[in-house]
Each structure stands twice: as structure tokens, then as C-alpha cells.
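What follows is a short report on a single structure.
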Amino acid sequence: MVLDGRDPQAVGQAAALLAQGRLVAFPTETVYGLGADAASDAAVAGIFAAKGRPADHPLIVHVADASQAEHFARDVPAFARALMAAFWPGPLTLIVPRRAGVAAASAGGQDTIGLRCPSHPVAQALLAACLSATPPVHGVSGPSANRFGRVSPTTAAHVQAEFGDTVPVLDGGPCDVGIESTIIDCTRGVPVLLRPGAITPAQVAAACGLPVRTQQE
């Protein structure tokens with residue numbers, strides 16, 4: 001089933017499905033994500049099953065804005081907040097300490113969690129609608145909407161080709177960036193680059209005033 005991301009009713013339908021524990025694929029500016037309620041371990045298990053992805057691989061949680069990060073994170077460093085202010089919404093994922101008792105499955109059982117606020121207007125509309133759903137969904141776990149090890153999808157048609165009619169797709173057109181978000185680990189006292197993307201280390205350093213390290217440093 002393909003839902004028109006330009007139709008507010010379709011967006012509301014997608015949010016309702018997520019609130020019911022269903023999977024919904026949705027567009028971001030980077031790639032299409034395979035979404036589930038980030039706080040529901042049962043719903044998130046559906047992502048791992050659909051993708052064939054190991055359950056100890058953490059998932060990125062998409063939030064409507066920086067204020068929603070507080071639902072999942074604790075003790076967020078000042079430089080991470082500076083990066084949120086500079087690049088959210090946008091293709092930057094930040095690894096921060098996870099609040100105890102929340103989104104354990106999304107975090108792959110780790111005590112950290114990856115958060116991002118996407119800039120795609122359909123993703124923004126969906127995340128806003130999720131906050132008004134019953135029950136409210138404060139964040140959507142959304143790894144790329146493809147089976148594990150396959151090419152990440154940048155159109156709704158790609159997602160349909162991967163999953164058929166088993167996963168509803170909120171169609172927002174082709175993704176603008178086409179590569180996954182930059183990932184910065186903010187739990188080591190300084191920004192550490194875990195995955196390169198459209199936002200460069202130089203941009204990150206300029207925004208937070210700290211040099212960006214690599215995992216090898």
C-alpha cells in the first residue's frame with residue numbers, strides 16, 4: 001500500500017499505524033526509512049525481522065525536534081546541543097546517552113542511542129502527527145527500508161520492490177541527498193565521526209567549536 005505523503009489524511013493514517021505497533025516506510029532527505037514506534041520493543045522487533053538485521057545493531061530514532069530528544073536521551077553534552085541547533089532538522093545523527101528504561105530494543109541493548117531530526121517535509125509531517133496519535137509516538141526508529149546488506153532505497157518504488165505490499169509506504173518522492181546521515185558520537189567528551197555523510201567533519205567542528213576525531217584516534 002502506497003500512501004500519498006502530500007495528503008494530511010494519509011500522513012495521519014501512517015501515524016495511526018505506527019501507534020498501533022505497525023511498520024511504515026517513510027521518506028527522509030537521505031533515504032527511505034523502515035519505521036516503527038521507537039519506544040515499543042515489540043514494534044522495533046518487527047524492523048529487525050523484516051530487514052533480517054541482527055537485533056544487536058542499534059537503530060536511529062527520528063524525532064520531530066530537539067525537544068523530543070529529551071524523551072530518549074539523558075545528560076546530553078553542550079556540544080551535542082550545539083550540533084542540534086546548527087543542523088537539525090537535517091542529515092546528522094547524534095549518539096547520546098540513553099535514558100534508562102526507554103527504547104532498549106532500538107538501541108540494540110546499549111546505554112546510548114542515535115537520534116536525528118529529518119528535514120524532509122513528509123517526515124516532519126509524520127513525526128508531528130505521531131505526537132498527536134493515540135497513544136502518542138515520541139520517536140520513530142527508521143533504518144533504511146531495505147533488507148540487510150541491500151542498497152538503500154531513495155524512492156517509494158524501491159521500497160515496494162523490496163517488501164511488496166507487506167509494508168505501507170508513505171510516498172514523499174525521491175530523496176534529495178541519497179546517502180545516509182552523518183553519524184557523530186557525542187558520548188566521548190568530543191565529537192567522534194562514526195559514519196561520513198553530507199555534513200562534513202569541518203562543518204561539525206565549526207558548529208560546536210571542537211575538533212572532530214575519528215574512531216581510530
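The values are calculated or read from the model by the stated rules, or taken from the named source; none is laboratory data. None of these values were measured; they are calculated from a predicted model. When we count neighbours, we look across all protein chains shown, and the Cβ atoms used for this are built from the backbone with ideal geometry, even at glycine. The area values use the complete protein model at the heavy-atom level, side chains included, leaving out ligands, DNA and RNA. Shrake-Rupley method; radii C 1.70, N 1.55, O 1.52, S 1.80 Å.
Key figures for this structure:
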| quantity | calculated |
| --- | --- |
| Separation in nanometres of the label points that stand 7 Å from Cα toward Cβ, at R147 and D4 | 3.2 |
| Degrees, to the nearest 10: 121-131 long Cα axis against longest axis of the chain | 80 |
| For region 117-217, size of Cβ-based charge dipole, Lys and Arg +1, Asp and Glu -1, in debye | 260 |
| Distant-in-sequence amide H partners of L3 (H built 1.01 Å from N, under 5 Å) | V169, L170, D171 |
| Accessible carbon and sulfur surface of the chain relative to its total accessible area, %, 1.4 Å | 54 |
| Alpha-carbon Debye profile of region 1-74, log10 I(q)/I(0) at 0.11, 0.13, 0.22, 0.23 Å⁻¹ | -0.30, -0.42, -1.17, -1.25 |
| Cα-based Rg and Dmax for region 75-166, where Dmax is the largest Cα-Cα distance (Å) | 15.1, 44 |
| FRET efficiency, 1/(1 + (r/R0)^6) with R0 25 Å, evaluated for D176 and Q110 via beta carbons | 0.25 |
| Rg/Rh for region 132-217, where both radii come from Cα atoms and Rh is the Kirkwood radius | 1.07 |
| Beta bridges by DSSP in the chain, antiparallel share as percent, to the nearest 5 | 55 |
| Between helix 78-87 and the chain: long-axis angle, C-alpha atoms, 0 to 90°, nearest 10 | 50 |
| Helix-only CD estimate at 222 nm, as mean residue ellipticity for the chain, using -39500 (n - 2.57) per DSSP H run (n ≥ 4) | -8500 deg cm²/dmol |
| Cα radius of gyration and Dmax for region 64-217 (Å) | 15.9, 47 |
| Point-to-point label distance, Q20-D75, nm (Cα→Cβ direction, 7 Å offset) | 4.1 |
| Radius 15 Å from Cβ of D165, net charge of other residues (Lys, Arg +1; Asp, Glu -1) | -1 |
| Around T30: net Lys/Arg minus Asp/Glu count, Cβ-Cβ under 14 Å | -1 |
| In sequence order, calculated HN-Hα J values of region 92-104 (Karplus, 6.51, -1.76, 1.60; Hz; x Gly/Pro) | 10, 9, 10, 8, 9, x, 8, 5, 4, x, 10, 6, 4 |
| Cβ charges +1 (Lys, Arg) and -1 (Asp, Glu), total dipole of region 145-190, debye | 200 |
| Summed side-chain charge close to C117 - residues other than C117 whose Cβ falls under 12 Å, Lys, Arg +1, Asp, Glu -1 | -1 |
| Full-extension gain in nm, A161 to A206, via 0.36 nm per residue minus C-alpha separation | 12.1 nm |
| Computed magnitude of the charge dipole of the chain (debye, nearest 20; Cβ of K, R +1, Cβ of D, E -1) | 360 |
| Percentage relative contact order, the chain, counting C-alpha pairs under 8 Å, at least six apart | 30 |
